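Only one structure is covered here, and it is reproduced in the block below.
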Amino acid sequence: GQSLEQPSEVTAVEGAIVQINCTYQTSGFYGLSWYQQHDGGAPTFLSYNALDGLEETGRFSSFLSRSDSYGYLLLQELQMKDSASYFCAVRLNAGNNRKLIWGLGTSLAVNP
Amino acid sequence: GAGVSQSPSNKVTEKGKDVELRCDPISGHTALYWYRQSLGQGLEFLIYFQGNSAPDKSGLPSDRFSAERTGGSVSTLTIQRTQQEDSAVYLCASSFGQGDTQYFGPGTRLTVL
């Protein structure tokens, strides 16, 4: 089977740094994506890692270690608007079926 | 340009009725996905269309669920004989064939009474 594990909830304060981990066990692996979803909204793409290492995009960074089947999303200088759910998703292969396997999401609460 | 659109935004129906949910993907996107999300839960994959290939229906929860994609563009998800457990937000996403990023529509909130 396919499984992705990420914490269900994380709490932090404004200005802090938070790391949301994602470990995966899948039949294949081509890359790891992160999506953000605010309450009542649709998921929006944040980042994608196909190779080991850190990808930085502004306050958000994403890391991947293929040998450890592990990745994380790092959010810096937290703002109240970062309160949302964050999903990791694995792309299984490079072929025609580019379906993503999704984690259950991590609910991040940023407090003042 | 226009994003992914879905209609209706909200649908309330009685148990046993059939419903049709519509998705208009971003123009030029060859891949289209349907997901279901229950309150406070993650995304549950339902079905995936890629170009002219046979759809991946592996996520459909029962034979009451079906979907089609006409002309490689608009898709309709049909739920027959709805049950209360079908109540959820149904999300549609599309992606460009060579890429990975999925662009989501606003969803249809389905309530089965």
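The values are calculated or read from the model by the stated rules, or taken from the named source; none is laboratory data. Just so it is clear, the structure is predicted and the values come from calculations on it, not from any experiment. Please note: Cβ atoms are built from the backbone with ideal geometry, for glycine as well, and neighbour counts cover all protein chains shown.
If residue A:49 satisfies every condition in (1) buried (at least 18 other Cβ atoms within 10 Å of the Cβ); (2) without any contact (Cβ under 8 Å) to a residue 24 or more places away in the chain; (3) more than 13 Å from the chain's Cα centre (by Cα) but one, which is the exception?
(3)
Considering (1) in contact with a strand residue (DSSP E or B) (Cβ under 7 Å, 6 or more places away or on another chain); (2) farther than 27 Å from residue B:108 by Cβ, say which one residue A:102 fails and leave the rest.
Exception for residue A:102: condition (2).
Within the range B:56-72, which residues are at pLDDT below 90, of a type in the set (Gly, Ala, Ser) and more than 21 Å from residue A:88 (Cα to Cα)?
B:71, B:72, listed by residue number.
May I ask you to list the residues in the range B:1-19 that are of a type in the set (A, V, I, L, M, F, W, C) and in contact with a Lys or Arg (Cβ under 7 Å, 6 or more places away or on another chain)?
B:19
Scan (1) more than 9 Å from chain A (Cβ to nearest Cβ); (2) surrounded by 18 or more Cβ atoms within 10 Å (Cβ to Cβ) for the single condition residue B:8 breaks and write down its number.
Result: residue B:8 fails condition (2) only.
This table checks each residue for (1) modelled with pLDDT under 90; (2) under 19 Å from residue B:101 (Cα atoms); (3) surrounded by fewer than 18 Cβ atoms within 10 Å (Cβ to Cβ).
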| position | (1), (2), (3) |
| --- | --- |
| B:14 | no, no, yes |
| B:17 | no, no, yes |
| B:23 | no, yes, no |
| B:36 | no, yes, no |
| B:43 | yes, yes, no |
| B:54 | yes, no, yes |
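Kindly establish whether residue A:28 is within 12 Å of chain B (Cβ to nearest Cβ) and either surrounded by fewer than 14 Cβ atoms within 10 Å (Cβ to Cβ) or modelled with pLDDT of 90 or more (or both).
no
Can you tell me which residue among A:77, A:55 is within 14 Å of chain B (Cβ to nearest Cβ) and either in contact with a Pro (Cβ under 6 Å, 6 or more places away or on another chain) or over 30 Å from residue B:6 (Cα atoms) (or both)?
From the options A:77, A:55, the qualifying one is A:55.
Which is away from chain A (no Cβ under 11 Å) and of a type in the set (Asp, Glu), of B:68, B:44?
It is B:68.
Give me a count of the residues in the range B:31-65 that are farther than 26 Å from residue A:39 by Cβ, over 12 Å from the mean Cα position of the chain (by Cα) and without any contact (Cβ under 8 Å) to a residue 24 or more places away in the chain.
Residues meeting the conditions: 9.
Keeping to the range A:20-46, report how many residues are under 15 Å from residue A:65 (Cα atoms) and within 11 Å of the chain's Cα centre (by Cα).
Residues in the range A:20-46 being under 15 Å from residue A:65 (Cα atoms) and within 11 Å of the chain's Cα centre (by Cα): 7 in total.
In the range B:71-113, which residue that is buried (at least 17 other Cβ atoms within 10 Å of the Cβ) and β-branched (Val, Ile, Thr) is farthest from the other protein chains (Cβ to nearest Cβ)?
Step by step, filter the range B:71-113, then rank; the result is B:82.
Only one of (1) small (Gly, Ala, Ser); (2) within 14 Å of another protein chain (Cβ to nearest Cβ); (3) part of a loop (DSSP other than H, G, I, E, B) is not met by residue A:67, so which one is it?
Single failed check for residue A:67: (2).
Kindly indicate whether any position in the range A:6-22 is among the β-branched types (Val, Ile, Thr), at pLDDT below 95 and in contact with a strand residue (DSSP E or B) (Cβ under 6 Å, 6 or more places away or on another chain).
Looking through the range A:6-22, none of the residues is among the β-branched types (Val, Ile, Thr), at pLDDT below 95 and in contact with a strand residue (DSSP E or B) (Cβ under 6 Å, 6 or more places away or on another chain).
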